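Student: This is the structure I have questions about; it appears just below.
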Amino acid sequence: MFIKKINPLLLCSLASGVLFASCFPKFNFGRLTGWFCLIPLFWSLSRAGNARQGAWLAFAAGVCGNLFIFNWIPVTLRAGGAHWPAAWTAWILLAAVIGVFWAGFGFCMKTAVERIKNSLVFAMAVGAAWVAFEFLRLAPVVFGGFPWCYLGYALIPVQPLAQLAEIGGVPLLGFLMVFTQALIWRAFCRRQTKLIALAALIVSLAAGWGAWRLRSLTRVLNRTLDVAVIQGNIYQYEKWDDGRAAHVTAVYREMTREANSTNPDLIVYPESFYPYALRMESSGASLPASDRIEFFKDIPMNKGTAYLGGLVLTDHRRFFNSVVCFLDGAESGIYSKVRLVPFGEYLPFRWAIMPVLRFFVNAEETPVIVTTGEVTPGPTPMPIEVLPGIKAGFSVCYEAVFPVIARAARRRGAKVLVNVTNDGWYLDTAAPHQHFLMNIARTIETRLPLIRAANTGISAVINPLGKVTARAELNTRTVLSGFIEELPQPSLLWAESQTAFPWLCLFFTGITVVAKLSNRGRIGK
């Protein structure tokens, strides 16, 4: 009897998970399915018997959707030498961890939000709850925070609507989508077509504001610097093969000569492009002269051009995943990665996991996997003056998914963002496309241009409006030429509102739940 009752609810929850996943690369249906992906889940929750059942239904939706979104994890881990059981376990575990936050959303809906009578307040509460539980994924307990593929990223390709990220970041885009779906759901439940009209009006107003913002900012864009991005397309498991190091160096030497021929202001290389670790001085602030001389011998440099390259640095005790900046034969600054990749650059609960990891991984094929956890986070990031009067804010690989890093760089005077990455780990899966999408969002949030150098792609130059002005596709070896466009220094007010918005949603959700559970208020009545 219970199985017969639960099946339709479970199927609708799973349908929501599939529709949610379709919003992101490689499916890319977000501009359509993003406006109704949660409605089947709303139907299931409305018929769930209690809050616990609602939480389980939402958990099922979250696990299902994230299994599709992260379908690249087993492929990546298998290529890295992991056996299938370990690869599948990691995939399912990550989907389940994120599913817990969906469960929290379902529990919140059943205990408090669905009791709200006023449809407009109801829709606001649903949107706030969604943003709140996405925001909680930034908690350090979740492997240091994991904000990958928030729903709002589905609107980044829709340029007029994407401009809202300037006000409230990607969470505001997610709020708009969930708020709209909640109004549509209430319109269906109460047969009130005026709610659909209201939803359409709000989305139209948001798009209209975004279109106006695009036009007004386009008029004041200024072309400032010419750039070259070197996409070496070195196969991942060739990068650190001692027998191939000379070949890798020769590839980058020739590509640098090609880039130098156009005399750009900036040349940017991908993450850990140089096949040797360079030594740091004991202070950790610079490279010794001997290593600089060796590096310059391999990488020819023009006078007046800044060279920004992802390098592995070591002080003989620790390793850093860094970007080193050179100008006129001298080192002008070092940025070392702060947010490390869990299970890639550091190992949570290493004492417990390492014995299991050694058992499941083919150590002879990929010894780097079983020595994971040896990268040291860098100091507090500061923009680096790469050219006179031009400061750059850096992110390495996974750091680009954290808006706080880009916002901090802008607040500290950066005029351009630079992301260096090596997405070769992910092969030809959805991961490089998902990662690239999140880089575009950083430009709209900060109103700064972004240069992205990726080993195997996607390399690009993106302007402050989120428009990709130059792009190199996956698995191609090329020198990408482009130019930076800048806006007049924007107000920092929006940056503060981006920080505040998810906190406001979390606060509103907490108040709603407490008020309903304690019967001290009747919100919306």
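Student: When residue 104 is evaluated against the numbered criteria (1) touching a Phe, Trp or Tyr at 6+ places or on another chain (Cβ under 6 Å); (2) not in a helix (DSSP H, G or I); (3) not aromatic (Phe, Trp, Tyr), which criterion, by number, is the only one it fails?
Tutor: Against the list (1) touching a Phe, Trp or Tyr at 6+ places or on another chain (Cβ under 6 Å); (2) not in a helix (DSSP H, G or I); (3) not aromatic (Phe, Trp, Tyr), residue 104 comes up short only on (2).
Student: May I ask you to verify whether residue 78 is within 16 Å of residue 428 (Cβ to Cβ), out of contact with any strand residue (DSSP E or B) (no Cβ under 7 Å at 6 or more places or on another chain) and either free of Cβ contacts under 8 Å to residues at least 60 places away in the same chain or crowded, with 24+ Cβ neighbours inside 10 Å (or both)?
Tutor: The answer is yes for residue 78.
Student: How many residues does region 12-31 contain that are in a helix (DSSP H, G or I) and under 25 Å from residue 428 (Cα atoms)?
Tutor: Residues meeting the conditions: 7.
Student: Select the strands (runs of 3 or more DSSP E) contained entirely in region 416-505, then report the ones holding at least 3 residues which are touching a residue at least 40 places away in the same chain (Cβ under 8 Å).
Tutor: The qualifying strands (runs of 3 or more DSSP E) are 416-421, 450-454, 459-462, 478-486.
Student: If you check residue 252 against the conditions, is it part of a helix (DSSP H, G or I), of a type in the set (Phe, Trp, Tyr) and under 19 Å from residue 326 (Cα atoms)?
Tutor: yes
Student: What residue, among those in region 37-51 that are in a helix (DSSP H, G or I) and in contact with a Ser or Thr (Cβ under 6 Å, 6 or more places away or on another chain), is farthest from residue 111 (Cα to Cα)?
Tutor: 40
Student: For region 392-437, name all the residues that are acidic (Asp, Glu) and either crowded, with 23+ Cβ neighbours inside 10 Å or in contact with a helix residue (DSSP H, G or I) (Cβ under 8 Å, 6 or more places away or on another chain) (or both).
Tutor: 399, 423
Throughout, read-outs are computed from the coordinates displayed, never taken from laboratory work. What you are looking at is a predicted structure, and each value in this text was computed from that prediction instead of being measured. Cβ: placed from backbone, ideal geometry, glycine included. Neighbour counts: every protein chain shown.
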